[in-house]
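Engineer: Pasting a structure below so you can have a look.
The values are calculated or read from the model by the stated rules, or taken from the named source; none is laboratory data. Only a predicted model underlies this, so the values are computations on that prediction, with no experimental measurement involved. For neighbour counting, all protein chains shown are included, and Cβ atoms are generated from backbone atoms with ideal geometry for every residue, glycine included. Areas reflect the complete protein model, heavy atoms only, side chains present, ligands, DNA and RNA absent. Shrake-Rupley method; radii C 1.70, N 1.55, O 1.52, S 1.80 Å.
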Amino acid sequence: MENPRRGAFIVVEGLDRSGKTTQVATLKSRLEAEGISATILKFPDRTTAIGQMIDSYLRSHSDLDDRAIHLLFSANRWELATSIERMLAAGTTVVCDRYAFSGVAFSSAKGLSLDWCRAPDESLPAPDVTIFLDITPEQAQSRGGYGEERYEKQEVQRKVRAIFGEISCEFNEETWVTIDAGKEREEVASQVWKIVGPLTSGLSRPLKRLWH
Ligand code: Z5A
């Protein structure tokens, strides 16, 4: 019989080096330790055919028009949309490292309009909460410096952070929570758990859709 309470959909966003991978891994261990059924996803999902095109672009092995790469990032999310819905309906908590907000923030930082950037992700499953790991580009760079990928530059990250700030204004304090990611890993993890813990017993409200 299907679980009457669906799983919660949790998205973790932030700049490069803000600690998303670290925090999602810590959260995974905590969820496992608590015996909670959970799935971890990451966008871009570089394993699919579309994901491989995105990977090649991010590594600067190929060039693409700004709009074309934006649509590929969105298509990469649509590839998984049905399975996200199925997992949530089955009562599984889904934690996602980056989602459509990264799509809008990074493409709009290149000069594309917010409305144009939002359109392809319209009607994707909407997260119940987005946890934004906030860090300055300077703090981020001090964490071992940026690598070789396309957007790993302070100027880009500064623009992206400002756009994430604009996007956050559309949400209330329950659906978008900003955490100071410059703090110690354990302190950040404990704040993440305070948000996620209460959602893991499942939700009875229907899943919403972006950007409704
Ligand atoms: N992108 C896009 O344009 N459109 C889209 O639709 C989507 C994405 C979905 C690839 O993303 C690029 O794709 C990304 C946005 C764009 N470009 N940028 N920038 P990605 O997710 O594959 O790559 P990433 O975000 O750059 O991941 P990352 O470098 O792995 O960063 P992270 O996951 O946020 O950080 P981390 O790996 O957990 O930590 C980084 C280092 O800091 C590491 O050495 C940690 O040990 C250390 N760390 C972590 N936490 C702390 C604390 N609290 N204190 C001190 N040090 C810490």
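Engineer: Can you give the accessible area of Asp63 in Å² (nearest 10), computed on protein heavy atoms with a 1.4 Å probe?
Structural biologist: Only protein atoms counted, so the area is about 130 Å².
Engineer: Excluding ligands and nucleic acids, what accessible area in Å² is computed for Thr26 using a 1.4 Å probe, to the nearest 10?
Structural biologist: We get 60 Å² for Thr26.
Engineer: Accessible area per residue for the chain in Å², computed with a 1.4 Å probe and the full protein assembly in place, what is it? Don't skip to the answer; put the middle values down first.
Structural biologist: Details: 10380 Å² over 212 residues.
So the chain comes to 49 Å² accessible per residue, rounded to a whole number.
Engineer: Still on this structure, I have one more. Starting from the Kirkwood Rh over alpha-carbon pairs, what translational D in µm² s⁻¹ does the chain have by Stokes-Einstein at 4 °C and 1.567 mPa s? Write out the running numbers ahead of the final one.
Structural biologist: Details: Rh = 17.6 Å.
The Stokes-Einstein estimate is 74 µm²/s.
Engineer: Based on the Cβ-Cβ distance of Thr82 and Lys28, what FRET efficiency does E = 1/(1 + (r/R0)^6) give at R0 = 22 Å, to the nearest 0.05? All intermediate terms of the calculation are to be shown ahead of the outcome.
Structural biologist: On the way: r = 23 Å, r/R0 = 1.03.
It comes out at approximately 0.45.
Engineer: Next question, about the same structure. Going through region 181-210, which GluC sites (Glu not before Pro) have at most 14 other Cβ atoms within 10 Å and a DSSP loop state?
Structural biologist: Working: sites: Glu184, Glu186, Glu187; in loops: Glu184.
Hits after loop and neighbour filter: Glu184.
Engineer: Classify region 1-41: rounded, prolate or oblate, from the alpha-carbon gyration tensor (a ≥ b ≥ c, eigenvalue square roots; a/c under 1.5 rounded; otherwise prolate if a/b is larger than b/c)? Let's see the in-between values first.
Structural biologist: Values: a/c = 4.13, a/b = 1.85, b/c = 2.23.
Here region 1-41 falls in the oblate category.
Engineer: Then there's this: Rounded, prolate or oblate: which fits region 102-147, taking a ≥ b ≥ c as square roots of the Cα gyration tensor eigenvalues, rounded meaning a/c under 1.5, else prolate when a/b beats b/c?
Structural biologist: Values: a/c = 3.27, a/b = 1.62, b/c = 2.02.
Verdict is oblate for region 102-147.
Engineer: Here is a follow-up. Once you compute Rg and the Kirkwood Rh from C-alpha atoms, what is the Rg to Rh ratio for region 58-111? If you can, show how the numbers build up before the last one.
Structural biologist: Details: Rg = 13.8 Å, Rh = 12.8 Å.
Looking at region 58-111, the ratio lands at 1.07.
Engineer: Using DSSP, restrict attention to beta bridges with both residues in the chain and report what percent are antiparallel, rounded to the nearest 5.
Structural biologist: If I count the DSSP bridges inside the chain, around 10 percent turn out antiparallel.
Engineer: Positive end of the dipole of region 91-212, charges at C-beta (+1 Lys, Arg; -1 Asp, Glu), about the Cα centre: which of Val94, Trp116, Ser168 has its Cα farthest in that direction?
Structural biologist: Final value for the positive-end residue is Trp116.
Engineer: Here is a further query. If the limit is 26 Å between Cα atoms, which of Lys153/Lys183; Lys153/Lys208; Lys28/Lys110 go over it? Intermediate values should be presented prior to the final figure.
Structural biologist: Values: Lys153/Lys183 22 Å; Lys153/Lys208 34 Å; Lys28/Lys110 33 Å.
Table pairs above 26 Å Cα-Cα are Lys153/Lys208; Lys28/Lys110.
Engineer: Then there is this: By the gyration tensor of its Cα atoms, with a ≥ b ≥ c the square roots of the eigenvalues, what is the shape of region 137-211: rounded for a/c under 1.5, prolate for a/b over b/c, or oblate?
Structural biologist: Oblate shape, in that a/c is at least 1.5 and b/c is the bigger or equal ratio.
Engineer: Under 10 Å, Cα contacts only: if you run a Gaussian network model on the chain, which one of Leu41, Leu133, Leu64 comes out with the highest mean-square fluctuation?
Structural biologist: So, out of Leu41, Leu133, Leu64, the one fluctuating most is Leu64.
Engineer: Where the only charges are on Cβ atoms (+1 Lys, Arg; -1 Asp, Glu), what is the dipole of the chain about its Cα centre, to the nearest 20 debye?
Structural biologist: Numbers: 27 positive and 31 negative charges, 50 e Å.
Here the size comes out at about 240 debye.
Engineer: Also, quick follow-up: Can you tell me, using C-alpha contacts under 8 Å and at least 6 residues apart, the relative contact order of the chain as a whole percent? Provide the component values of the computation, followed by the final result.
Structural biologist: Numbers: 321 pairs, mean separation 75.3, N = 212.
It comes to 35 percent, rounded to a whole number.
Engineer: For region 86-103, what does the Karplus curve 6.51 cos²θ - 1.76 cosθ + 1.60, with θ = phi - 60°, yield as ³J(HN,Hα) per residue in whole Hz, taken in order and with x for Gly and Pro?
Structural biologist: 3J(HN,Hα) across region 86-103, in whole Hz: 5, 4, 4, 5, 7, x, 7, 6, 10, 10, 10, 8, 6, 7, 5, 5, 4, x.
Engineer: Looking at region 30-137, which GluC sites (Glu not before Pro) are DSSP coil and have at most 14 other C-beta atoms within 10 Å of their C-beta?
Structural biologist: Values: sites: Glu32, Glu34, Glu79, Glu85, Glu122; in loops: Glu34, Glu122.
Filter output for region 30-137: Glu34, Glu122.
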